1. When the convex hull of the Cα atoms of the chain is projected onto a plane and the area is averaged over all directions, what value comes out in nm²?
2. Counting only heavy atoms of the protein chains, get the accessible area per residue of the chain (1.4 Å probe) and round it to a whole Å² value.
3. Can you send over the carbon and sulfur percentage of the accessible area for the chain, probe radius 1.4 Å, protein chains only?
4. What number comes out for the charge environment of Val9, summing +1 per Lys or Arg and -1 per Asp or Glu over other residues with Cβ under 15 Å away?
5. How charged is the neighbourhood of Ile47? Take every other residue with its Cβ under 12 Å from the Cβ of Ile47, and add Lys/Arg as +1 and Asp/Glu as -1.
Amino acid sequence: MTDDRIYEVLVSAEPTAAWRALTDPGTVKRYYFGTSPRTTWQVGSPIEFVDEEGDPQIVGEVLEYEPPRRLAHTFVATWYGASDDQGSLHWEIEPTDSGCRITLVHRGARGQTREGSETADGSRQIIEGLKQLLEQDAAA
């Protein structure tokens, strides 16, 4: 059984800043459990979220890349050494009067696996960490 999980935050930062925060490896590392994306961002290309040692913790394929609005990729958790298909992550950035709305939809999450049970809290922590980072940077 799979779930679709939806997370949304309103951020007082410009959509272009949110886009950079989703795609710039150095910025991603600040809120994405110390991992950063390694990819060309071309649709169909591989994507890996790697830790400090360069070991992939998440692997997948880029499904959508439409700056500065949409980003999606498949999500295979590898942080315990085996591959656990956790569906796909779909990010959307929409401008608002005071900044932007960022939505994360985790499609096809398999909550019954060890990795899947961790992704519910993990996704919430990631989007909240992204919001905090963007608002701190906007205030600086």
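1. Result: a mean projected hull area of 7.8 nm².
2. For the chain, the solvent-accessible area averages 51 Å² per residue.
3. Carbon and sulfur: 48 percent of the exposed surface of the chain.
4. -3
5. Once positives and negatives cancel, what remains is -2.
The values are calculated or read from the model by the stated rules, or taken from the named source; none is laboratory data. Only a predicted model underlies this, so the values are computations on that prediction, with no experimental measurement involved. Here Cβ is always computed from backbone atoms with ideal geometry, including for glycine, and neighbour counts include all displayed protein chains. The area values use the complete protein model at the heavy-atom level, side chains included, leaving out ligands, DNA and RNA. Shrake-Rupley method; radii C 1.70, N 1.55, O 1.52, S 1.80 Å.
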